[in-house]
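Presented below is the structure to which this report refers.
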Amino acid sequence: MNKIALAIHGGAGTIQKSSMNAEIEIEYRNGLQNALESGWKILQKGGDALDAVEAAVCKLENFPLFNAGRGSVFTHDGVNEMDAAIMNGANLRAGAVAFVRNIKNPVKLARLVMEKTEHILLAGDGANSFARQLNVEFADDAYFYTEHRYQQLLKAREEGVIQLDHTAEEVKIQDSRFKIQDSERNSNPKSKIQNPKSLGTVGAVACDKNGNLAAATSTGGMTNKKFGRIGDTPIIGAGTYADNQTCAVSCTGHGEYFMAGVTAYDVAARMKYKKITLERAAQETVEYLTAIGGEGGFIAVDAFGNVALPFNSEGMYRGFFTSDGAAIIEIYG
């Protein structure tokens with residue numbers, strides 16, 4: 001039986017301990033922990049890597065401090081548009097959605113694209129229509145509303161910028177407003193959750209007992225984005241990739257650079273053609289990302305249960321479990 005492994009991320013960027021409130025740090029760590037445990041339970045019971053990454057990403061999409069699902073940022077028009085992708089390393093099948101609205105868990109819809117259609121990527125109204133046909137769970141606009149995201153939009157509109165979370169000016173608020181009250185988390189879709197920097201994309205990669213790999217990624221995109229901008233997340237090979245012969249990868253950061261560098265596939269290609277380890281390939285890839293001007297990071301796992309979590313930003317919300325007892329949840333560099 002192969003070694004099992006699971007890694008997750010909640011975004012990469014300028015994350016400094018000096019500016020992180022203690023209570024909000026606990027909330028972030030708890031969010032990562034819950035997502036890890038959700039996927040890890042599946043792998044420990046002999047479940048499939050694909051199910052594990054979907055479960056972990058769903059937990060991250062439901063957690064309002066990350067920019068995906070419920071916590072997605074606002075576009076210029078004041079709406080939430082989301083992208084997601086999932087890929088099965090056993091057969092190279094993949095599914096992705098872009099530009100979807102009011103889908104509670106976009107990663108679930110991406111999987112349905114993979115399993116129920118002959119396509120890989122569906123976008124916009126067509127993707128939403130497909131979701132309705134398959135009775136995917138929708139949520140109203142209020143579910144996706146968080147006050148700190150709306151304030152980010154107002155500031156970005158005022159300054160006339162399209163804003164990446166990891167370059168946003170830090171929100172200065174009182175400590176008492178950071179905490180997510182239990183009642184807010186469970187029942188109030190308009191809870192005024194505030195955080196210093198809720199960063200980027202979420203994702204998960206896994207290796208199951210059979211050596212099968214899978215990757216999943218989900219995002220709300222960029223604050224104040226216009227003209228139907230789509231980033232790397234739903235682009236197979238750019239932000240998401242999985243192949244049992246090499247590795248599974250999920251990326252986070254400035255999507256345009258990850259698309260230009262075909263970053264997720266770049267890790268796999270280095271392993272395949274240079275015959276190097278996951279660790280070395282991941283390091284070379286993040287060095288190349290830096291060289292072309294990109295900021296961010298990624299998580300990766302190979303069929304032997306090895307894990308890599310490189311990034312070139314000041315921090316990355318990240319965590320992993322492996323069958324040999326290794327476990328970590330980290331935020332800072």
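Bear in mind these aren't lab numbers, they're just calculated from the coordinates by the rules spelled out. Computed from a predicted model, the values in this text were never measured in an experiment. All Cβ positions, even for glycine, are placed from backbone atoms using ideal geometry, and neighbour counts span all protein chains on display.
Points worth noting:
- Distance from the range 25-79 to the range 249-290 (C-alpha centre basis), Å: 23 Å
- In this structure the amide hydrogen of Ala123, modeled in the peptide plane, comes within under 5 Å of the amide hydrogens of Ala98, none closer than 5 places in sequence on its chain.
- Of the residues Ile26, Ile15, Ile329, Ile8, the one with the fewest other Cβ atoms within 10 Å heads the list, and the complete ranking is Ile26, Ile329, Ile15, Ile8.
- Local electrostatic count, Arg93, Cβ distance below 15 Å [Lys/Arg +1, Asp/Glu -1]: -4
- For Asp324, Asp266, Asp125, the sequence from fewest to most other C-beta atoms within 10 Å is Asp324, Asp125, Asp266.
- Net charge, Ile4 excluded, C-beta distance under 9 Å - Lys, Arg +1, Asp, Glu -1: +1
- Taking packing as the residue-averaged number of other Cβ atoms within 10 angstrom, the listed peptides 137-146, 275-284, 49-58 run from highest to lowest as 49-58, 275-284, 137-146.
- Annotation for the range 272-333: chymotrypsin sites (Phe, Trp or Tyr not before Pro) lying in DSSP loop with at most 15 further Cβ atoms inside 10 Å of their Cβ are Phe304.
- Neighbour-count ranking [beta-carbon atoms within 10 angstrom, fewest first] of Phe130, Phe258: Phe130, Phe258
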